[in-house]
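Have a look at the structure below, then the notes.
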Amino acid sequence: MTYSRTDSRDGGLAIQYLALSTMIVLYSLMFIGGYISAAGLGLTCPEWPLCPNGIMPSEEYLIEWVHRLVAATTGVLVLATMVACYMNKNAGARIKVTSSLASAFVVTQITLGALVIDLKLHAVLVAIHLGIGILLFSMVLLTTLFAFRLSKVPVKADA
């Protein structure tokens, strides 16, 4: 069986770029979150969702603010990827399931992030936040891999 690339108008290429961008931004978010945790900066910005100075924080809140901005961007990208997967006529059940799970995990992560701040870095919640983050990354990775498979459609060989 041979494979051929589908027409780019079907949205397969867009899903590839969207899923790959989502994975890169999510990895960046996890890197920033790990830095914040290891540096003991988790409560630098003690309010959620905004820091005390509002949308544009002062320098003392900048690192935590960047983490929250990247988290919001990640959330939008994960949800957009799921919508794109459902809109694509060639998308199978696997990519729909992984993108849906990623969306559920990203909403869970945002909620846990708020609780972690509200409950002053409760150790169990921080651990759960990390665990869900790993599951989220796994689903985004699988979605990205499945997106790159979307562009290959089996073509029957002429006999």
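Odds and ends about this structure:
- The mean sequence separation of alpha-carbon pairs under 8 Å and at least six residues apart, normalised by the residue count of the range 1-134, gives a relative contact order of 29 percent.
- Excluding exposed DSSP-loop trypsin sites (Lys or Arg not before Pro) (at most 15 other C-beta within 10 Å), longest clean stretch of the chain: 1-88
- Value at 222 nm in deg cm²/dmol, rounded to 500, when DSSP H runs of n ≥ 4 in the chain each add -39,500 (n - 2.57): -24000 deg cm²/dmol
- From phi via Karplus (6.51, -1.76, 1.60), per-residue ³J(HN,Hα) for the range 111-120 in Hz, x at Gly/Pro: 5, 5, x, 5, 5, 4, 5, 4, 9, 6
- Overall size of the range 31-83 from C-alpha positions, given as principal axis extents largest first: 36, 25, 15 Å.
- Judged by a Cβ-Cβ distance under 4.7 Å, the unpaired cysteines of the chain are Cys85.
- Couplings for the range 48-58, taken from phi via the Karplus curve 6.51 cos²θ - 1.76 cosθ + 1.60 with θ = phi - 60°, read 9, x, 9, 7, x, 8, x, 5, 9, x, 6 Hz in order; Gly and Pro are left as x.
- Along its principal axes, the chain has C-alpha extents of 69, 30, 22 angstrom, given from the largest down.
- Seen against the Cα atoms of the chain and their longest principal axis, helix 62-87 is set at about 20 degrees.
- Only the Cβ atoms of Lys and Arg (+1) and of Asp and Glu (-1) were treated as charged; on that basis the dipole of the chain about its Cα centre amounts to roughly 800 debye.
The numbers here are math on the coordinates, done by the rules we state, and not lab data. Source: prediction; values computed, not measured. Quick reminder, even Gly has a Cβ in these numbers, built from the backbone with ideal geometry, and neighbours come from all protein chains shown.
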